[in-house]
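The structure appears right after this line, and notes come after that.
No lab work stands behind these numbers, since they all come straight from the coordinates. Quick caveat: nothing in here was measured; it's all calculated off a predicted structure. Glycine gets a Cβ as well: all are built from the backbone with ideal geometry, and neighbour counts include every protein chain shown.
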Amino acid sequence: LAGRSSGMLLLPVCGEYVFQRLLPKMLGNTSGGTYRRRIITCITPMSGRPLIDTIARQQRHRASGLARGATYFWHAHAMLKRPPYDPALEPFDGGVAVLIRNGEVAGHVATSLSTFWSPSRPFSLQHWVWYIVVWINGDREPSDEDYPPQWLMVEPMQHGVFQWESGNAHDGDYTVEWLPADERQAALTSLNIKAEDF
């Protein structure tokens with residue numbers, strides 16, 4: 001490595017590639033920009049230790065910042081007013097419904113009930129339903145969401161109807177029959193649907 005000039009460390013071509021390009025990529029920074037500025041000013045010509053120490057401090061500071069941000073978000077989220085209990089949404093809380101068409105089972109809908117925040121209602125949370133459709137032939141639709149005020153999927157299901165419009169062979173209206181609570185887990189296992197799939 002070359003000497004210093006105006007307080008900056010001058011790197012030869014090989015050193016520039018290793019310390020400004022290769023090493024940052026190995027450390028997970030694909031652009032290299034953040035590390036590059038700090039590496040040039042912190043590494044010494046005789047030892048790589050200051051570079052490692054600097055990066056370690058950087059990572060600890062970044063992790064600490066993320067932890068503080070997460071804590072702030074958690075407290076802010078806890079202060080928001082939760083939506084009022086709605087008994088009509090209870091079947092969607094870990095629910096499984098059987099879809100019937102022409103008197104035959106055509107598929108299943110698994111649902112998950114949670115809450116979300118929207119800038120339209122900055123001081124409160126709103127109900128949020130996610131659902132996954134698995135057809136009787138094994139076809140599986142990606143998870144999708146439904147939320148107020150439209151409730152495009154939830155409201156028809158509350159009236160016993162599931163409407164599917166996706167431009168495939170499954171399009172149409174289905175009759176909904178909710179499984180009792182003691183049968184839900186067995187159905188989810190059979191359908192290979194886990195909580196993290198929603």
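Kindly indicate the residue of the range 102-124 that is in contact (Cβ under 8 Å) with a residue 40 or more places away in the chain and more than 25 Å from Ala181 (Cβ to Cβ) and also surrounded by the most Cβ atoms within 10 Å (Cβ to Cβ) among those meeting that condition.
Trp117
Within the range 157-178, which residues are within 18 Å of Arg140 (Cβ to Cβ) and under 29 Å from the mean Cα position of the chain (by Cα)?
Phe162, Trp164, Glu165, Ser166, Gly167, Asn168, His170, Asp171
Can you pull out the residues in the range 144-192 that are among the hydrophobic types (A, V, I, L, M, F, W, C) and either closer than 12 Å to Gly107 by Cβ or touching a helix residue (DSSP H, G or I) at 6+ places or on another chain (Cβ under 7 Å) (or both)?
Val154, Phe162, Trp164, Ala169, Val176, Trp178, Leu179, Ala187, Leu191
Can you report the number of residues in the range 94-117 which are among the polar types (S, T, N, Q) and over 16 Å from Pro84 (Cα atoms)?
Total meeting the criteria: 3.
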